[in-house]
Amino acid sequence: MKRFVAGLALSGVLLAPGAVHAQDIKIALIYSKTGPLEAYAKQTETGLMLGLEYLTGGSMMLNGHKIVVLPKDDQGKPDLAKSLLEQAYADDKVDLAIGATSSGSTLAMLPVAEDAGKVLIVEPAVADSITGEKWNRFIFRTARNSTQDALAGAVALGKGEVSIATLAQDYAFGRDGVAALKGALAATGSKAKVVFEEYAPMATTDFTASAQRLFDALKDRPGRKIITILWAGPHPLAKIADLKPERYGIELAPGGNILPVMMQFKAFPGIEGTIYYYYGFPKNPMNDWLVAEHEKRFNAPPDFFTAGGVAAASAAVTAIKKAGGTDSEKLIAAMEGLEFDTPKGKMTFRKQDHQAMQSMYQFRIKANGKNPYDLLDLVREIPASELPVPIRNKR
């Protein structure tokens with residue numbers, strides 16, 4: 001077991017370009033530190049730094065070189081994300097980059113990585129097109145994609161007849177997520193069908209009209225009726241629930257989210273869903289360390305995107321070790337098929353599209369947790385072998 005420097009300040013390895021030396025291993029982090037996805041971005045940053053600490057035993061050294069992270073705030077704006085990545089590759093001479101928080105920003109960054117001939121590890125953006133039709137060989141994604149979310153949800157639904165109406169945000173994340181759900185239901189042989197799709201702007205706060213359309217689409221359907229909610233940011237579950245969907249025998253399926261959002265779910269014990277990560281589910285040394293250190297430093301367990309940041313750190317460190325350095329072509333050769341440890345357990349980069357294949361989790365909301373963060377019971381881990389993610393790129 002490694003010895004770790006628990007007190008290492010996370011900010012100590014986030015350096016301005018002027019403090020960087022030529023021999024350092026330089027990693028750009030493009031993220032939405034300000035804007036509507038700020039909470040996600042900060043978790044990714046925390047996870048990345050904790051992951052690098054864990055993987056280097058607290059030294060922040062790899063192959064005799066110091067690891068330096070250069071954070072860049074894209075504010076959730078695709079044009080800014082694109083220019084920041086161009087700057088990172090051309091001016092800062094980073095060896096590789098990690099990001100972005102928004103799917104829109106990430107899609108804008110993909111051709112920049114290709115033009116620069118440099119690796120971009122995608123975390124935490126989930127739009128399928130990132131490792132689908134917009135993909136190029138320099139892109140590797142540790143984050144799950146929309147189809148992995150959808151396949152997990154489809155598997156959890158089982159084989160019964162279900163009518164589903166979806167509520168999603170009207171941008172790449174929401175529309176990709178709904179398309180992925182429809183494809184996943186077909187791929188898993190489920191009898192469940194999406195019968196209605198409702199899209200709303202990201203900043204929506206009044207869901208009355210949307211809820212009525214969802215209810216009207218489902219209320220006269222036979223059998224089980226479910227509203228599936230795909231939403232990033234402040235969650236509409238409580239507002240939809242306040243409008244009494246149970247009057248029509250309609251269930252709500254919110255999906256997994258960050259802990260502050262899921263705390264709202266405590267009012268709805270017994271609701272089931274699927275999630276990418278919840279701190280209490282995985283049992284492995286990396287997750288044990290992450291949970292203990294995060295609780296020690298922040299008085300709270302690690303969250304959804306914190307685990308993703310650790311996964312990105314692990315992919316980068318494992319790849320650089322295997323490649324013997326940061327040459328892009330050697331990194332690509334090392335990363336195709338690469339297996340690496342994460343707080344969720346092993347992930348593997350699929351050779352065809354560089355998507356990390358990984359487990360997901362089916363949960364049930366607890367009625368009475370032991371503390372504010374004790375929110376979910378594990379129904380079961382869904383292994384990657386049960387999630388047949390299609391290959392959509394044009395390689």
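The values are calculated or read from the model by the stated rules, or taken from the named source; none is laboratory data. Since the model is a prediction, treat every value here as computed from it, not as a measurement. Note that each Cβ is placed from the backbone with ideal geometry, even for glycine, and that neighbours are counted across all protein chains shown.
Table for the structure above
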| item | result |
| --- | --- |
| Among (1) small (G, A, S); (2) touching a strand residue (DSSP E or B) at 6+ places or on another chain (Cβ under 6 Å); (3) over 19 Å from P343 (Cβ atoms) - the single one S59 does not satisfy | (2) |
| Which listed residue is modelled with pLDDT of 95 or more and surrounded by 24 or more Cβ atoms within 10 Å (Cβ to Cβ), from L110, L167, L151 | L167 |
| Subset of the range 134-165 (residues that are in contact with a helix residue (DSSP H, G or I) (Cβ under 6 Å, 6 or more places away or on another chain) and without any contact (Cβ under 8 Å) to a residue 60 or more places away in the chain) | K134, N136, S146, A150, A154 |
| Which numbered condition F304 misses (of (1) in contact with a Leu (Cβ under 9 Å, 6 or more places away or on another chain); (2) in the same structural domain as T208 (by TED's automatic domain parsing)) | (2) |
| Filter result (acidic (D, E) and over 26 Å from A232 (Cβ atoms)) within the range 36-63 | E53 |
| Within the range 28-55, tally of residues that are touching a Leu at 6+ places or on another chain (Cβ under 6 Å) and either of a type in the set (D, E, K, R) or not in a helix (DSSP H, G or I) (or both) | 3 |
| Selection status of Y31, touching a strand residue (DSSP E or B) at 6+ places or on another chain (Cβ under 6 Å) and modelled with pLDDT of 95 or more | yes |
| Residue ranges of strands (runs of 3 or more DSSP E) in the range 327-388 with at least 1 members touching a residue at least 24 places away in the same chain (Cβ under 8 Å), assigned by TED's automatic domain parsing to the domain that holds K266 and of a type in the set (D, E) | 376-382 |
| Sole exception among (1) part of a strand (DSSP E or B); (2) under 23 Å from the mean Cα position of the chain (by Cα) for I164, by number | (2) |
| Residues within the range 278-321 that are under 19 Å from I121 (Cα atoms) and either surrounded by fewer than 15 Cβ atoms within 10 Å (Cβ to Cβ) or hydroxyl-bearing (S, T, Y) (or both), tallied | 4 |
| Every residue from the range 156-178 that is among the hydrophobic types (A, V, I, L, M, F, W, C) and under 24 Å from P245 (Cα atoms) | A156, L157, V162, I164, A165, L167, A168, V178 |
| Complete set of residues in the range 230-252 that are surrounded by 20 or more Cβ atoms within 10 Å (Cβ to Cβ), under 24 Å from the mean Cα position of the chain (by Cα) and in contact (Cβ under 8 Å) with a residue 40 or more places away in the chain | L230, W231, A232, P236 |
| Selection count, the range 69-93, where residues are of a type in the set (A, V, I, L, M), more than 23 Å from A39 (Cα to Cα) and outside any helix (DSSP H, G or I) | 0 |
| Segments classed as helices (runs of 4 or more DSSP H), wholly inside the range 197-293, with at least 3 members that are touching a helix residue (DSSP H, G or I) at 6+ places or on another chain (Cβ under 8 Å) | 208-218, 237-241 |
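Quick grid of which residues meet (1) part of a helix (DSSP H, G or I); (2) more than 19 Å from the chain's Cα centre (by Cα):
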site: D115; (1), (2): yes, yes
site: V126; (1), (2): no, no
site: I130; (1), (2): yes, no
site: K134; (1), (2): no, no
site: F140; (1), (2): no, no
site: A143; (1), (2): no, no
site: Q148; (1), (2): yes, no
site: L151; (1), (2): yes, no
site: A154; (1), (2): yes, no
